[in-house]
Amino acid sequence: MSYNTGVGQRTAVVTGASSLKGIGFHTALRFAQEGWGVAMMDLNADGLACAAEATAEKVPGAQLTTVVVDIADPVSVRAAAEAVDLSGLPPVGALANIAGIPAPADFLDISLEMWNKVIAVNLTGSFLMAQAFLPKMIEGGYGRVVNMSSVTAQHGGGVFSKTAYAAAKAGVLGLTRGIAREMAQHGITCNAVAPGVVDTDIRAGGTNDETEKKLAEAVPLKRQAEPWEIAALVVWLCSEDSGYITGITHSINGGAYIC
C-alpha cells in the first residue's frame, strides 16, 4: 500500500471552491501549494474559472482541473467523478467536502422546500461525493475524507444559521463517524471540521458591519477566523501525518465552543 502524497503523486478533490474569500478556495490553494493535484469543484462556473486562475497565478505549474457540479444531484456527481478520471491528474487521494449553504430562517418559518435544500447541499452532497470518490481511494491505496460541519451543529445555532443548518451539519458528524468506521479496514480516514465564525461571504447580504463586529466580539479570541486557517487544518488532516486520526470532530472556533 502506497502512502506517498508528494508532488505529483495524489489529487485532492475540493468542493465549494469558487469564492476567492471562501474556505473551499483557500483549501484548494493550500493543496496546490503543498504539491497535490487539485480538482476544484463548484456549481458557479464563472467563479470557479476565476478561482482556478487565481490559484494558478499563486502556484505556477500547479496541476489543476475545474469541474462544475451540483453536489446534491447524483447524476452530476457521477459526471464529476468521471471528469476527474479523464483529467490526467494523479490518482485521487483526498476529498474535502467544503460546499454548503446557510439557513438563517427561524425554525417555525422555514419551509419544507428550504429544509430539503439545506439538507441536500450540506449533508446529502457530502454523502454523494464520498460514495463517488472513496472507491478510487481504496483502489489507489491512500484516502482521506474531510467533511465540513460547524459549531452550529454543536450548540444548535447562535452564530448566523439556525436549526435547519444545525441539523444538516450535525448529520455530517454522524456521516463522518460512519465513514470512518467502515473505511478503516482500507486504511482510509474520515474526519470532520467544525469552524466557528469565519470571515467568508457565506453570510453576504444577511448581516451588516455592526453584526459582523458583534460576531467577532462574541468569540473569546475576539476575532473571526480567516479562511486560510480552516484550510490549513483541512489539508493537514489529508496528510500522511494525520494517518492515525479518524472519526473525530475538530473544533476550530477561537474558543466559542469548548468541550
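A short reminder: the numbers here are calculations on the coordinates, not readings from a lab. What you see is a predicted model, and the numbers here were worked out from it, not measured in a lab. All Cβ positions, even for glycine, are placed from backbone atoms using ideal geometry, and neighbour counts span all protein chains on display.
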Taking the Cβ of PRO91 as the centre, find all other residues whose Cβ is under 10 Å away and add up their charges (Lys, Arg: +1; Asp, Glu: -1). 0
Excluding residues fewer than 8 places away in the same chain, name every one of the lysines whose C-alpha is closer than 29 Å to that of LYS21. LYS58, LYS117, LYS162, LYS169, LYS213, LYS214, LYS222
Mean residue ellipticity (222 nm) of the chain, computed from DSSP H runs ≥ 4 via -39,500 (n - 2.57), nearest 500: -12500 deg cm²/dmol
In order over the stretch 212-222: 3J(HN,Hα) from phi, Karplus 6.51/-1.76/1.60, θ = phi - 60°, whole Hz, x for each Gly or Pro, gives 4, 5, 5, 4, 5, 5, 6, 8, x, 7, 6
So GLU113 and ALA49, fully extended at 0.36 nm per residue minus their Cα-Cα distance, gain in nm 20.0 nm
In nm, what is the difference between 0.36 nm times the number of residues separating GLU217 and ILE258 and their Cα-Cα distance? 13.1 nm
Using the Cα gyration tensor of the stretch 73-143, with a ≥ b ≥ c the square roots of its eigenvalues, what is the shape: rounded (a/c below 1.5), prolate (a/b larger than b/c) or oblate (neither)? prolate
Derived scalar couplings ³J(HN,Hα) [the stretch 253-259; Karplus, 6.51 cos²θ - 1.76 cosθ + 1.60; whole Hz; x for Gly, Pro]: 9, x, x, 5, 9, 10, 9
Please identify the chymotrypsin sites (Phe, Trp or Tyr not before Pro) of the stretch 1-91 that satisfy two criteria: DSSP loop assignment and at most 13 other Cβ atoms within 10 Å. Which are they? TYR3
List the aspartates and glutamates whose alpha-carbon lies under 15 Å from that of LYS136, not counting same-chain residues fewer than 8 positions away? GLU82, ASP85
For a quick check of your reading of the filter: which trypsin sites (Lys or Arg not before Pro) in the stretch 176-248 sit in a DSSP loop and have no more than 14 other Cβ atoms within 10 Å? LYS222, ARG223
For the stretch 11-252, Rg(Cα) over 2.2 N^0.38 Å is 0.95
If you count, for each residue, the other Cβ atoms within 10 Å and average over each peptide, how do 61-69, 188-196 line up from highest to lowest? 188-196, 61-69
Are there any chymotrypsin sites (Phe, Trp or Tyr not before Pro) in the stretch 177-259 that are in a DSSP loop and have at most 15 other Cβ atoms within 10 Å? List them by number. TYR244
For the residue pair GLU82 and GLN185, what label-to-label distance in nm results when each label sits 7 Å from Cα along the Cα-to-beta-carbon direction? 3.0 nm
Each residue of the stretch 118-127 in turn: what ³J(HN,Hα) in whole Hz from Karplus with 6.51, -1.76, 1.60 and θ = phi - 60°, glycine and Pro shown as x? 5, 5, 4, 6, 7, 10, 4, x, 5, 4
Charge dipole of the stretch 11-252 about the Cα centre (unit charges at C-beta), most positive-ward option of ALA132, VAL235, GLY174: GLY174
For labels at ASP73 and GLU229 in the simple 7 Å Cα→Cβ model, what's the distance in nm? 3.7 nm
What area, in nm² and to one decimal, does the C-alpha convex hull of the stretch 90-210 cast on average over all directions? 8.3 nm²
